[in-house]
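Once you've had a glance at the structure underneath, I'll fire off some questions.
Nothing in this text is a laboratory measurement; each read-out follows from the coordinates by a stated rule. Everything numeric here is computed off the predicted structure, so don't read it as measured data. Note that each Cβ is placed from the backbone with ideal geometry, even for glycine, and that neighbours are counted across all protein chains shown.
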Amino acid sequence: MVNLMLFLFLTIRIFFRAEWIFYVIIIFSICWIVSGISFGIMLKQTIFDDRVVILAKEVDVLAGPDKEDTLLFKVHEGTLAYQERNESGFSLIRLPDSKRGWLVSSAIEAIYMAGAIQKQELEGAKLE
């Protein structure tokens, strides 16, 4: 729809050489660019949301993805973190204060936005 409007303005500009059409096209182009950027930011925030919450009462955060690695610190239930990656049953997390470490993947759960939860429920219903 937006592209159609842009081409309509350009066609009008070809046949009618009024100065105001040039300014309308410039304003329309700026609005189109701003809306595209805001849509991209919104899409990134909803699709690539890497926030997790700790579900276990207390979890050891280790220096590596192995139970024998050095204990760095402990996190408690309800702690918010960012998941960076998974590796052999462990997840690398980053806390808001920039501390990083590995913990057992079963101790965390991803945080989904309301729209993403509804989408997952619909997809689950379709599979059944």
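Whose amide H sits under 5 Å from the amide H of Ile108, counting only residues 5 or more places off or on another chain, with H placed in the peptide plane?
It is Leu55, by chain and number.
Comparing Ser106, Ser91, Ser29, which has the greatest mean-square fluctuation in the GNM of the chain with Cα pairs linked when under 10 Å apart?
Largest GNM mean-square fluctuation: Ser29.
If you take the Cα atoms of the stretch 51-111, find Rg, then find the Kirkwood Rh from the mean of 1/r over all pairs, what is Rg/Rh?
Ratio of gyration radius to Kirkwood radius for the stretch 51-111: 0.90.
A further question follows. Phe90's amide H: which non-local residues (gap 5+, or another chain) put their own amide H closer than 5 Å, with H modeled 1.01 Å from N in plane and none for Pro or chain starts?
Residues meeting the amide H criterion: Ser105.
Further, regarding this structure: Most exposed first by the Cβ proxy, i.e. fewest other Cβ within 10 Å, how do Thr79, Thr70 rank?
Thr70, Thr79
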